[in-house]
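Notes follow once the structure below has been shown.
Rule-based calculations on the coordinates, nothing more; no lab input. Note that this is a predicted model, so its numbers are computed, not measured. In this analysis, Cβ positions are derived from the backbone assuming ideal geometry, glycine residues included, and neighbour counts consider all displayed protein chains.
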Amino acid sequence: MLHAVIMAGGLGTRFWPLSRAALPKQLLTLVGDESMIQATVSRLSGVVAPEHVLIVTNARLVDAVAAQLPNLPESGILGEPCKRDTAPCIGLAAIQISQHDADATMVVMPSDHVIRPLGDFQRAIQYAAELVEQNSERLVTFGIRPSYPAESFGYIERGKPLDDSTAPTFTVRQFREKPRGEVAQQYIESGRFYWNSGIFVWKAAKIMRELSQHEPQMFDHLQRIAAAIGTCDYPRVLESEFRAIRGTSIDYAVMEHADEVVVVEAPFEWDDVGSWQAVARLNGGDEAGNTVVGRHIGFNTEGTIVRTDDNHLVVTLGMRDCVVVHTPNATLVANKHDEESVRQVVQRLEEKKWTGFL
């Protein structure tokens, strides 16, 4: 049976001050009328039954996630005691799912992507699940055909076409980490590389076998958690064993080492919404190239992103290529081409222990 695991533990620091520790990016409405996590769950409707959707998030966000997803059962939200990257997150989800469905197929995805159109995405997931049912040893991932030499994405180099595939599907030659611009340009020119979407389909039992082989210490901790499920000791064991895990990504832990890895060329549009510029790109702008949410008046303002609300007026004069984000207790004004520096703002706030602004 097909189960969905939605990873929702990220911080989204590049969206500060709108994104905060208690309200990170995945809980914000940045594109459309739903929050990122609500849109991710909605995208699975008709493909995965609601009782087979599992959200894995930070323990302190469980209540906030539950409030946004009232139709999800309580058992559908799993709180991690601490952040340990994607491999432990996926392993924890796999042991939970396997307790109820030993032959489960998992589709794993982040909670903060924009994917369109819906039909193409759902058909692609069903196709990937069929590939796994045909061969339970397969690990399937989705590659996005790159449209520019991005330095912020990982890349997948494809190998030979998969025999008898009904959609563009290839063996994986190798995974590449975020490259420099000139290297990314070479990837694009070769025609063999995809952006790594971070969306996977596999058997729960298969991914656990891979973790036991390549990350035996992590697997041991997960096994001790699995043994405690359903007992009164479970909260204590989850807390102590999960904290003891050395965090690493699923790409490092498994995908770069495993056999039977295939990549499906995604037929859908994809954006990881990694910055305010992505929000502007997805929402569009006015005749001056400004993207505005909230009450704003602009004079001689071009290419600027403004985020406020209807109760607070933002006025911009003579501004070009800026980001202005107003919240009740903090306001950001920045060059939109220097958004990576927002992470430094969050670090400085942590250093100063100004926790009220985090």
Task: Search result, residues across the range 311-334 that are at positive phi and of a type in the set (D, E, K, R) - done: D321
Open item on the list: Out of everything in the range 110-142 that is among the hydrophobic types (A, V, I, L, M, F, W, C) and outside any helix (DSSP H, G or I), what residue ends up being nearest to V31 (Cα to Cα)?
Closed with: V114
Task: Members of the range 281-301 found to be polar (S, T, N, Q) and either loosely packed, with under 14 Cβ neighbours inside 10 Å or assigned to a loop (DSSP other than H, G, I, E, B) (or both), listed by number - done: N290, N300, T301
- [ ] Could you tell me whether the range 341-352 includes any residue that is part of a strand (DSSP E or B) and in contact (Cβ under 8 Å) with a residue 60 or more places away in the chain?
- [x] no
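To keep it simple, each residue is scored yes or no on (1) surrounded by 17 or more Cβ atoms within 10 Å (Cβ to Cβ); (2) of a type in the set (S, T, Y); (3) free of Cβ contacts under 8 Å to residues at least 12 places away in the same chain.
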{"position": "R60", "(1), (2), (3)": "no, no, no"}
{"position": "D63", "(1), (2), (3)": "no, no, yes"}
{"position": "L69", "(1), (2), (3)": "yes, no, no"}
{"position": "G91", "(1), (2), (3)": "yes, no, no"}
{"position": "I97", "(1), (2), (3)": "yes, no, no"}
{"position": "A104", "(1), (2), (3)": "yes, no, no"}
TODO: Within the range 305-335, count every residue that is in a loop (DSSP other than H, G, I, E, B), out of contact with any Lys or Arg (no Cβ under 7 Å at 6 or more places or on another chain) and over 20 Å from T29 (Cβ atoms).
DONE: 2
TODO: Say whether the condition of being closer than 30 Å to I97 by Cα, of a type in the set (G, A, S) and surrounded by 13 or more Cβ atoms within 10 Å (Cβ to Cβ) is met by at least one residue in the range 191-198.
DONE: yes
TODO: Could you pull out the residue among L54, L78 that is touching a helix residue (DSSP H, G or I) at 6+ places or on another chain (Cβ under 9 Å) and buried (at least 22 other Cβ atoms within 10 Å of the Cβ)?
DONE: L54
